[in-house]
Amino acid sequence: MIKDAITERFRQLCAERDISYTELARLAGVTPSTVYSMLQPERRDVSAVTVKKLCDGLDLCIIDFFNCDLFRNLPPEIE
């Protein structure tokens with residue numbers, strides 16, 4: 001699902017840059033609870049605004065965020 005791919009992508013980016021989720025929140029100007037809440041598996045939605053803020057905090061173009069294998073060939077969300 002798209003939400004799982006988004007959270008995995010942020011996990012990868014934080015690991016690559018050696019930053020914590022709290023640091024990601026600080027860089028993006030959001031609360032740490034926003035980031036930790038997004039990462040919870042039971043949470044099914046993440047807003048586009050949050051994704052954009054986190055990308056901005058990482059100084060990453062949103063196009064580059066989505067340009068990875070995690071987002072290629074995602075199954076349909078409609079059941």
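Read the figures in this text as sums done on the coordinates, not as results from a lab. Because the structure is predicted, anything quoted here is derived from the model rather than measured. Virtual Cβ from ideal backbone geometry, glycine too; neighbours counted across all protein chains shown.
Within the shell defined by Cβ-Cβ distances under 13 Å, the residues around Ala15 carry a net charge of -1, with Lys and Arg each +1 and Asp and Glu each -1. With helices as the sole contributors, the chain gives -17000 deg cm²/dmol at 222 nm; each DSSP H run of n ≥ 4 counts as -39500 (n - 2.57), and the sum is divided by every residue. Label region 2-70 by shape, choosing from rounded, prolate and oblate, from the square roots a ≥ b ≥ c of the eigenvalues of the Cα gyration tensor; if a/c is under 1.5 it is rounded, and otherwise prolate applies when a/b is larger than b/c, oblate when it is not. Rounded is the answer for region 2-70, as its axis ratio a/c remains below 1.5.
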